[in-house]
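Quick notes on the structure that follows.
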Amino acid sequence: MDDGWTDDAREDRWARKRDRLARLLSVASILYSRGSGESGVAVTEIAELTGMTTRTIYRDIRALEDELGVPVFQAGRGRYGIERKYFLPPLRLSLPEAVVLFLSSRLIARWSDEYDQAVISAFTKLADLLPQPIARHVAATMLRVGRADPNEPFTRNFAQVAQAWADGRVIEFDYEPAGADPRRARVRPYFLEPDAYGRSVYLIGWDETVDAMRTYKVERVRSATLTADRYEIPEEFDPDRWLAHSWGIWSSDGTNVVDVRLRFEPSVAHRVRESVWHRSQQITALDDGRLEMTVRVAGIVEIRPWIMSWGDAVEVLEPRELREVVAASVRHLAERYGR
């Protein structure tokens, strides 16, 4: 698809993004290492260390605050710093541990469909822990992520939500649910959970405005404000137990649990058997080479697309409601493609 960009223009665009990212990381590093005390560090000193103008440094400091949510403080006229507690202490990883983090980051990169400054920044730092040639793959991954278009509202809101969760602070935000009117929420974040299938991040927490647990898709947050009000996550809250019956993100707290029984054809039996699709799954091998799988999940909505992805290699046996929904979808597809 022609997006109006020539190859040279795309490369030039990426080069500018890459150079800006490197500069922002450099400025953040100086603010952290030299400006974490009460007196901060002078903008003129940062400019000298980076070879940039003071005007560019002031612009970068604003970008660190506005785009990345970095808590920059002003220590005096022309002097700034970053609180030391903002950055985590350095990790000392074994090679297998570093590779595990790299693989996790690769999954995040595949899931990210927009330019994500946090992902690229994390990759840059991760590369320092890895030997060649793995570090080269990190750089190649950054190139792909960096070519996507930015989503600055999500970046800002995600940073606010993450900070609220880490600090134990209540967050207020405007939320735009699918198919419903926008609303204002005041939430105590309990957990952040990714949904790989939906390429989304969800906030699980106690919503003070409705006095109940709620799950919010961070991508639907339109604006967020971090409050000074503190809270503590109840000791009885266990995210794994909360999501025990979830196929994706739905919890049994608000959705009825159903037993789903599926029958797979021999052609996909090996593929089905070699993976753990759900913690509740039970698989039975049949004499004719087929497999039957049973899972206990919260509702049928989230599991239906996964079932449909197997095409005619699977049959829904139970529950009847799910069988009828899948059958209706197949009929509609047959009508569409039979024209």
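The values are calculated or read from the model by the stated rules, or taken from the named source; none is laboratory data. Remember, predicted model here, so these are calculated numbers, not experimental data. Please note: Cβ atoms are built from the backbone with ideal geometry, for glycine as well, and neighbour counts cover all protein chains shown.
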Residue match in the range 295-303 (condition: in contact (Cβ under 8 Å) with a residue 24 or more places away in the chain and assigned to a helix (DSSP H, G or I)): yes
Enumeration of residues in the range 172-219 that are loosely packed, with under 13 Cβ neighbours inside 10 Å and closer than 28 Å to residue 107 by Cα: 177, 178, 196
Test: residue in the range 325-333 that is in contact with a strand residue (DSSP E or B) (Cβ under 7 Å, 6 or more places away or on another chain) and not aliphatic (A, V, I, L, M): no
Residue that is farthest from residue 38 (Cα to Cα), among those in the range 74-114 that are at pLDDT 75 or above, surrounded by 15 or more Cβ atoms within 10 Å (Cβ to Cβ) and not β-branched (Val, Ile, Thr): 78
Residue 259 loosely packed, with under 15 Cβ neighbours inside 10 Å and touching a residue at least 60 places away in the same chain (Cβ under 8 Å): yes
Residues of the range 25-73 that turn out to be surrounded by 15 or more Cβ atoms within 10 Å (Cβ to Cβ), more than 34 Å from the chain's Cα centre (by Cα) and not in a helix (DSSP H, G or I), as a count: 1
Residue 276 being surrounded by fewer than 18 Cβ atoms within 10 Å (Cβ to Cβ), β-branched (Val, Ile, Thr) and either part of a helix (DSSP H, G or I) or not assigned by TED's automatic domain parsing to the domain that holds residue 204 (or both): yes
Residue check, residue 317 outside any helix (DSSP H, G or I), in contact with a helix residue (DSSP H, G or I) (Cβ under 8 Å, 6 or more places away or on another chain) and not assigned by TED's automatic domain parsing to the domain that holds residue 194: yes
Count of residues meeting criterion [in contact with an Asp or Glu (Cβ under 6 Å, 6 or more places away or on another chain) and either of a type in the set (D, E, K, R) or touching a residue at least 60 places away in the same chain (Cβ under 8 Å) (or both)] in the range 200-226: 5
Selection status of residue 261, among the basic types (Lys, Arg) and either over 24 Å from the mean Cα position of the chain (by Cα) or not assigned by TED's automatic domain parsing to the domain that holds residue 192 (or both): yes
Any hit, the range 188-195, residues being under 23 Å from residue 297 (Cβ atoms), assigned to a strand (DSSP E or B) and aromatic (Phe, Trp, Tyr): yes
